Amino acid sequence: GILGTVLGASGFVAALARAVGEAGLSGGGYVAAAFLACAVVSSATGTSFGTILLCGPVLYPAGAAAQAAPAALMGAILAGATWGDSMSPLSDTSIASSGTQRVDLAGTVRRRLAYALPAGLAALAASALLAGTGDATGAARAVHAATGAAPLRALWLGVVPVACIALLLTRRHLVEALLAGVALAVALALALGVLHPVDVLRIDAARYAATGVIVQGMERAVGVSVFTLLLTGLVATLQATRVLERLVGTVARRATTPRAAEGWIVAMTSAAVVLTTHSVVAILAVGEMARRTGAAQGIGGYRRANLLDLTVCTWPFVLPFFLPTILAAGATRGAEAVGMPPLSPWAVGVHNTYAWALVVVVLVAVATGWRRGEAGA
């Protein structure tokens, strides 16, 4: 929460959007750039929600001048947010999937590239094709108006997520990497002059309260943290009633081959995420089943973790009753004045090319056994 808030308040996202607008892109080119920009922000913060809220209101209205198809553009913004969320070591799903399968986070993410990169490239091409062609000059003007001529020097803050991810890949603790990232982001923002000390943290003596981006970041995380903690109570209830034990036994009797075991893992994860509407809770609910069932058929921990993670990054980003599609649809409101219509969650989800590409990748991997037998896969 703090890292995302610091990057947003320092103008990093606005500068990234301005760079997209001034790159002379339109139509499919603009949509592809929006996809990549959102992938960068989502990878940096580990959250698709924050990426949608930060990038959607800036990049979507500018699509009118770029003459980009509205649904294709918002679908690409959501797709980029999904890609970063599925790949970032900072993502809660990355942490939960590797933790439940008892494998290290860095190794899990490294091996996930083999699945996510082909899906991401296919999604990028599909989004660009769906968007058509348009006016690059108009796009530049629109983004400039939306971002308020954000200083491009804020782009230097892009080294922050690189540093965080590098620390994680060297097996430093998540909290250590995040604290280092926050410290680096604040130091860079102050040095570049895009944040002032009073913006970071200040004490309101009259109200006995603290304000600033550090506090805002903490407050931003409170709601979703409480929500997640309450939902994990569902998992504890299932464990107390021994439902999970019976589920493991049932699946174990039917999953007599590696392909069948992986099919059950994907199917049960899909069912859990649809029923709970929460990716992490779904992983926690079926994680033990996946670990025991997969291990019994010789499926490696990294493979199991990635099947869990990739599966929960599909349906919540496509179906209209999940928060990502609802937030993305909400980000399209208020752009009617520039000619961009409000979209429904269903219209946005259908155009999330990355989520659909992931569905294909997961199904092909399970059906054909692709990478199942590779050492460490």
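Name the single residue that is surrounded by the fewest Cβ atoms within 10 Å (Cβ to Cβ) among those in segment 97-106 being assigned to a helix (DSSP H, G or I) and at pLDDT 90 or above.
Among them, the one singled out is GLY99.
Taking only pairs six or more apart or across chains, which ones have beta-carbon atoms under 7 Å, a first residue in segment 26-42 that is more than 24 Å from SER91 (Cα to Cα), and a second residue that is surrounded by fewer than 24 Cβ atoms within 10 Å (Cβ to Cβ) and of a type in the set (Asp, Glu)?
SER26/ASP135
Which is part of a helix (DSSP H, G or I) and open to solvent by 80 Å² or more (accessible area, probe 1.4 Å), of LEU179, LEU168?
Answer to the selection: LEU179.
Looking at segment 272-282, is at least one residue out of contact with any His (no Cβ under 9 Å at 6 or more places or on another chain), of a type in the set (Ser, Thr, Tyr) and more than 23 Å from LEU229 (Cβ to Cβ)?
So far as segment 272-282 goes, no, none of its residues is out of contact with any His (no Cβ under 9 Å at 6 or more places or on another chain), of a type in the set (Ser, Thr, Tyr) and more than 23 Å from LEU229 (Cβ to Cβ).
Of the residues ARG333, ARG371, only one is open to solvent by 60 Å² or more (accessible area, probe 1.4 Å), of a type in the set (Lys, Arg) and in a loop (DSSP other than H, G, I, E, B); which?
ARG333 is the lone residue from the list that is open to solvent by 60 Å² or more (accessible area, probe 1.4 Å), of a type in the set (Lys, Arg) and in a loop (DSSP other than H, G, I, E, B).
I need the full set of residues from segment 4-36 which are open to solvent by 10 Å² or more (accessible area, probe 1.4 Å) and within 17 Å of VAL159 (Cα to Cα), in order please.
THR5, GLY8, ALA9, GLY11, VAL13, ALA14, LEU16, ALA19, LEU36
What are the residues in segment 69-87 that are open to solvent by 10 Å² or more (accessible area, probe 1.4 Å) and either touching a Ser or Thr at 6+ places or on another chain (Cβ under 8 Å) or of a type in the set (Phe, Trp, Tyr) (or both), if any?
PRO70, TRP83, ASP85, MET87
Which members of segment 264-278 meet the condition of being over 19 Å from LEU363 (Cβ atoms) and either open to solvent by less than 60 Å² (accessible area, probe 1.4 Å) or of a type in the set (Gly, Ala, Ser) (or both)? So that I can check it myself, show each step before the final result.
Here is the first cut: in segment 264-278, the ones over 19 Å from LEU363 (Cβ atoms) are 275-278.
Once the filter is applied, which keeps residues that are over 19 Å from LEU363 (Cβ atoms) and either open to solvent by less than 60 Å² (accessible area, probe 1.4 Å) or of a type in the set (Gly, Ala, Ser) (or both), segment 264-278 yields THR276, HIS278.
Would you point out which residue out of PRO316, PRO324 is open to solvent by less than 20 Å² (accessible area, probe 1.4 Å), touching a residue at least 60 places away in the same chain (Cβ under 8 Å) and not in a loop (DSSP other than H, G, I, E, B)?
Testing whether each residue is open to solvent by less than 20 Å² (accessible area, probe 1.4 Å), touching a residue at least 60 places away in the same chain (Cβ under 8 Å) and not in a loop (DSSP other than H, G, I, E, B) leaves just PRO324.
Restricting attention to segment 318-373, report how many residues are under 15 Å from LEU307 (Cβ atoms) and either out of contact with any Lys or Arg (no Cβ under 9 Å at 6 or more places or on another chain) or among the polar types (S, T, N, Q) (or both).
So the answer is 10.
Scan segment 182-213 for residues that are more than 24 Å from the chain's Cα centre (by Cα), β-branched (Val, Ile, Thr) and surrounded by 11 or more Cβ atoms within 10 Å (Cβ to Cβ) and jot them down.
Result: VAL194, VAL200, ILE203, THR211.
Within the group ALA261, ALA240, which residue is hydrophobic (A, V, I, L, M, F, W, C) and open to solvent by less than 60 Å² (accessible area, probe 1.4 Å)? Give the steps one after another, and end with the answer.
Numbers: ALA240 fails: open to solvent by less than 60 Å² (accessible area, probe 1.4 Å).
Unique residue meeting the criteria: ALA261.
The values are calculated or read from the model by the stated rules, or taken from the named source; none is laboratory data. This one's a predicted model, so the numbers in the text were calculated from it and none came from an experiment. When we count neighbours, we look across all protein chains shown, and the Cβ atoms used for this are built from the backbone with ideal geometry, even at glycine. For accessibility, only protein heavy atoms count, side chains too; no ligands or nucleic acids. Shrake-Rupley method; radii C 1.70, N 1.55, O 1.52, S 1.80 Å.
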